[in-house]
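Only one structure is covered here, and it is reproduced in the block below.
Bear in mind these aren't lab numbers, they're just calculated from the coordinates by the rules spelled out. Note that this is a predicted model, so its numbers are computed, not measured. Glycine gets a Cβ as well: all are built from the backbone with ideal geometry, and neighbour counts include every protein chain shown.
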Amino acid sequence: MAITVGRNDPRYNMLKQSRNLRWPAHETDAVEEIELCETSEHVAEALQRIIRAGVRPTIRSGGHCYEDFVVNNPNGSILDLSLLTMTSAADDGNRYRISPGQQLGDIYLELYKRYGVTIPAGTCYSVGAGGHISGGGYGLLSRLHGLTIDWLSQVEIITVDSKGHVELRRIDKDHDADLFRACRGGGGGNFGVITGFLFDRLPAAPYEVANVYLSFDWATMNEDTFTAILTTFGNYFAHRGHDPETWGLFAILELTHASSGRFGISAQFCNPNGRCDDLKVVEEFLNLFHEFEPDPAKAPVSGEKRFSQQGATNRERVGRHTVDKRLWLDATIGGSGSGHSARAKYKSSYMRENFTPAESKCIYKHLTDTVATVDLRSAVLSVDSYGGAANAKGMAEATSSWQRSSIMKTQFQHYWINPEEDAARLQWTREFFRDLYSQHGESRYAGTPYPSERYEGCYINYPDTDMLAYEFWPQLYYGDKGLYPFLQKVKQRYDPNNIFHHAMSIRA
Amino acid sequence: MHSDHRLSNKLSRRWFLRSTASLAALAQLRPAAALIKQNAFAYVACGKRQEKEDSIRVFSLHRREWTPIQRVPTRAPACLILSPDQQTLYVANQVDTHKGLPHGTVEAFCIDPSYGYLRLLSQQALSLAATCPRHMALSPNGKLLAVAADGGAIYNLLPVLTDGSLDRPCSIFKQLDGVPSRPRAESHPYNLLFDTTGNHLLSSGFGSDRLSTFAVAHDPMSRRMQRRAAEVNDPGAYELHPDGSILYVWHKIESNLSCYRYDFHAGRVGETIQRISMPGYGSDAVKALAIHPSGRMLYTAETAAHSYLQAWQIRARDGLLSPAKRIVFDDAPGDEIIVPSNGESLFVLDRLRGLIHRIATDSATGELGFVEDVAQIQGAQSVAIKTL
């Protein structure tokens, strides 16, 4: 039996909330109960009970959902899978199993220590596998090894049939292939409750990686220099980044607000063989920014710092630069925590082309603007390098992660504590995004990175309910080439009663 | 008679027909007329789903005359219901999206007690995935509004605040019945009713072959509705006697009108006390039932070979039915029967043609009197009559 936590349980107040402390927005939005499940059987039993009670289930693995899709469930129940962490492989093959409740950091440890393999997933230790992999799952190794779902062989999922009965399915490319594809990037909370991800093979974990950080001083920055830095960064991934020898390089342009003092570039690299014997790719990349006089010694002062600079095991000179070479597991696990819960707002986009001067100037404008009552040091526009193996041919059709021609992926992140600052901070973030994505493209899509020659929409794992204001929001997240209608058919077939739904779930 | 169109010859068959010359003038609000105090007002939900013409139209009633006094734009109004004190009008908006999210809405309008005008009090979104609400019921004390969302087969309970406005849904229930003979378990609610205690809610719908009752009495702000507590197979329209102890149900497949005992303490449907077979009637032959406030007459709107309004006398001692007067409509089936609280008349709405018939009734016995067409309003979906 699942562990049921009701309103009178001392654990309730903790478990009812999201890591994004904006949710639940109202006390009346909060769930009635949380069902903590340790096995698939627990999930099936609890889910059947929930359905019979006429209650809405929502699903949580790690609790990192950016929007209110899980905890805004008045009178409802959360199926909390954080205790569903079984890792034993299936009996019928040489498979690796990841359970939805496992945190990414634990998965890296487990896979590394048991098998010496890994998944090309995210950097935050405590992110749960369930939501992360359902939406695609990418991270520092994605240019080298693609998305996590690209490696996925089989999924165990509990669906609810037309009569309201729960049903455990094992799906793959030969069994319920449509649902299998939908589970490879379609996003969480849509079709059923995933209780296991199985992989026939996984890439070997790198032996070591080289980390670098470049820091730029906002005090000496002007619009032209700022634009030149962005252009240089984007230009690398628009051209040089297509060469497979660079795919081991994953870089993040961390554009913090000017009030934070500095912004920078983080990068991690390994050669395709998982070693750092040849660092000329790194040197070449770093040389591009030399003219902007970065200071590698200055650590980032805010934002989500992706790469730990502490405890470096081996500092090495590469031309005129210094890199920190570290054993991969240490570099991946060390300092990769997700920090405390806070109030937050996120937005995202995929970029198929480099920044235009107009876009760079727009970013500069908003990052140097001030809001009278708000400290914007915790506002970051992260520009992740993309492409490489993440753009592998055929994967758009095999999976539901359709964005396979982008060179960069942006994530707007904004963190704060005080609820009274919600309105001002949300307004700043919204205006920044709307302004940036009004620079180009058709006017009817202004304010959004609608799929075009320049953009590939938004990332479903960085959901943004502001996009619901646009009738074409499904095309922002699922493209305009037929994926969304496909997912709607899958929804109709496997969740005919729309048991699983949230604000941005597939609408049949 | 008020009309949006020149009446077709069919409509002039046998009913009183007012001059169409005045109709164009009536189509627009006339402030002078609007300022005349009236005792009765009609509220008509007009429009098809999510069209620009959707509105609530307000008429002052004087004898047979329906004078338009206000047109309030709204989205896809599908159902109207008056508060017990008749000071507030509730509207179910049959929409599937509100502010980008998949849910329907309900609205509360304050009614000007003298002039009948509507003023929006609140618009409240239903719970997520509760789309296209089509039916509502108010608890007898007027403190709880139940809404049935056709999309999602979800019921919402919304607290009514002291000014008549609506709070956020406090209880949500998704109904899956698992009817073996039907391809989908999701029902499509089409009827809702509180019992006389207000402690239970009765519901039925397509896709569900049983009547469900839900306990809603205790602390509805936090307590969810309970699962089906009683079953009546294959229910169509149904109505409770004002004393709360007899339930009248039209059975769609069996084509019969049945009377059941109803235990309002437990919220349970009891034994059958009468079954009136109506052979030759189709499953949708009876679309509406209503009971006169006196509790002495039941009305059914029927469509078989002809369209009828059938009155059934209710025996005082045991609630059994016996047929009374029948009124034949040539080709105007009734989709909704509205019985104002003063008991002096009832109204039958034919949605297809937008026709509204008024039938005089004896306020003490509910016996049917003369009939007249009082309005033809294009797109009319639901009617509420304020008589206080």
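Observations on the structure shown:
- Electrostatic dipole magnitude of region B:328-388 [Cβ: Lys, Arg +1; Asp, Glu -1; Cα centre; debye, to 20]: 260
- Inter-chain shielding of A:74-80 (mean C-beta neighbours from other protein chains, 10 Å cut-off): 4
- Counting only other chain Cβ atoms within 10 Å of each residue's Cβ, the peptide A:48-57 averages 4.
- Along region A:488-494 the Karplus relation, 6.51 cos²θ - 1.76 cosθ + 1.60 evaluated at θ = phi - 60°, assigns HN-Hα couplings of 5, 5, 4, 4, 4, 7, 9 Hz to successive residues, with x for each Gly and Pro.
- FRET efficiency, A:A204 to A:H239 (Cβ-Cβ, R0 45 Å, nearest 0.05): 0.95
- Rel. contact order, % - alpha carbon contacts under 8 angstrom, at least six apart, chain A: 16
- Taking every residue in B:165-171 and counting other chain Cβ atoms within 10 Å of its Cβ, the average works out to 2.
- Under Karplus coefficients 6.51, -1.76 and 1.60, residue-wise ³J(HN,Hα) of region A:178-186 in Hz, glycine/proline x: 5, 5, 4, 4, 4, 6, 9, x, x
- Near A:T87, no amide H atom lies under 5 Å from its own; only residues 5 or more places off or on other chains count, and H is placed 1.01 Å from N.
- Centroid-to-centroid, using Cα positions, region A:236-286 and region A:484-504 are 39 Å apart.
- Order of A:L288, B:L158 under a 10 Å beta carbon neighbour criterion, fewest first: A:L288, B:L158
- The translational diffusion coefficient of the protein assembly as shown, from Stokes-Einstein at 37 °C and 0.692 mPa s with a Kirkwood hydrodynamic radius over alpha carbon pairs, comes to 108 µm²/s.
- Toward the positive end of the charge dipole of chain A, with +1 on the Cβ of Lys and Arg and -1 on the Cβ of Asp and Glu, the farthest Cα among A:A182, A:F226, A:F355 is that of A:A182.
- Table column - 3J(HN,Hα) (Hz), region B:255-264, Karplus curve with 6.51, -1.76, 1.60, x for Gly and Pro: 6, 9, 9, 10, 10, 10, 6, 10, 8, 6
- Ordering A:E284, A:E359 from the fewest to the most neighbouring beta carbons within 10 Å gives A:E284, A:E359.
- Under 19 Å from a label point set 7 Å out along the Cα-to-Cβ vector of A:A446, the amide N atoms of region A:457-473 belong to A:467-473.
- Taking other residues whose beta carbon is less than 14 angstrom from the beta carbon of A:T4, and scoring Lys, Arg as +1 and Asp, Glu as -1, yields -3.
- Amide H to amide H distances under 5 Å link B:A375 with B:H2, B:I356, where only residues 5 or more positions off or on other chains count and H is placed in the peptide plane.
- When each of the peptides A:215-222, B:241-248, B:73-80 is scored by how many other beta carbons lie within 10 Å of its residues on average, the order from highest to lowest is B:73-80, B:241-248, A:215-222.
- Taking amide H as placed 1.01 Å from N in the peptide plane, the amide H of B:L121 sits under 5 Å from that of B:A108, B:F109, B:C110, each at least 5 places away or on another chain.
- Partners for A:K365 among aspartates and glutamates (Cα-Cα distance below 18 Å; same-chain residues under 8 apart left out): A:D217, A:E223, A:D224, A:E254, A:D375, A:E431, A:D435
- Oblate is the label for region A:399-508. Its Cα gyration tensor axes, ordered a ≥ b ≥ c, give a/c of at least 1.5 and b/c at or above a/b.
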